[in-house]
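Below: the structure, in structure tokens.
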Amino acid sequence: MNEKIKQLWFPKGHLNEDQRDFLVKYVSDLKPKYCLETGFASGRSCVTVYFSCLPQKMVSIDANLDYIKGAREHSQKILKEAKNLAILEEDSNAVNFQNLKKKYFDDNLIDFAFIDGNHSYKGCLKDLENTITISKKGTVIIIDDYESGPPNGFAIKDVTNAVNDFAKSKNIKVEKWNNKGKGFAILKV
């Protein structure tokens, strides 16, 4: 694993080490150039994705950088190390993704997204719908908390249902990753 990921791994967060290790390998192999994340939380997934591929640009969006104590200060530490990263404190469901693409990605389409923001059915579905509007063909979207449960995860049926309905409506196959109850859905659009 990358030394920067170890250095910037926040002590608290929802992404665990198994998920991190999966993402490190997956993103390192994929080598995306333009990355989007919804749900910064404490920055664990952000630093994992960013330092696994060193993209030309990455944007992480979170409605509340104080969601986990110390995360706001930690976000500033990450920004000092990650020159091509922007962290936005906004509700991802309210962001105009076309403006986001223009402002942060120089009108380039993204080729990777990590969705872990709003965990309601409507919120997750909206994140997916917005993300696909700025995604190029072949973009990989990984959604956290898919088919999760004990012992290490929490069942969030709204996320699983939103992913399944979205994938069905777009005729996209859902690949699954799960380790001890922590699950991801992997979509290739």
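Give all pairs with beta carbons closer than 6 Å in which a residue from region 1-13 that is touching a residue at least 60 places away in the same chain (Cβ under 8 Å) and within 8 Å of residue 44 (Cα to Cα) meets a residue that is in a loop (DSSP other than H, G, I, E, B) and hydroxyl-bearing (Ser, Thr, Tyr); count only pairs at least 6 apart in sequence or on separate chains.
From residues that are touching a residue at least 60 places away in the same chain (Cβ under 8 Å) and within 8 Å of residue 44 (Cα to Cα), the pairs are 10/42.
Please work out which residue is nearest to residue 83 (Cα to Cα), limiting yourself to region 28-52 and to residues that are touching a strand residue (DSSP E or B) at 6+ places or on another chain (Cβ under 7 Å) and surrounded by fewer than 23 Cβ atoms within 10 Å (Cβ to Cβ).
Residue satisfying both the conditions and the ranking: 33.
Just to verify a result, which residue in region 151-170, among those that are modelled with pLDDT of 95 or more and among the polar types (S, T, N, Q), is surrounded by the most Cβ atoms within 10 Å (Cβ to Cβ)?
The qualifying residue surrounded by the most Cβ atoms within 10 Å (Cβ to Cβ) is 160.
Looking at region 158-185, which of its residues are closer than 20 Å to residue 41 by Cβ and either part of a helix (DSSP H, G or I) or aliphatic (A, V, I, L, M) (or both)?
Residues satisfying the conditions are 158, 159, 160, 162, 163, 185.
State the number of residues belonging to region 51-72 that are part of a loop (DSSP other than H, G, I, E, B) and within 20 Å of residue 108 (Cα to Cα). Even if it seems obvious, please write down each step before you answer.
Within region 51-72, the subset part of a loop (DSSP other than H, G, I, E, B) is 54-56, 63-70.
With the extra rule that they be within 20 Å of residue 108 (Cα to Cα), the set shrinks to 54-56.
Residues meeting the conditions: 3.
The values are calculated or read from the model by the stated rules, or taken from the named source; none is laboratory data. Just so it is clear, the structure is predicted and the values come from calculations on it, not from any experiment. Note that each Cβ is placed from the backbone with ideal geometry, even for glycine, and that neighbours are counted across all protein chains shown.
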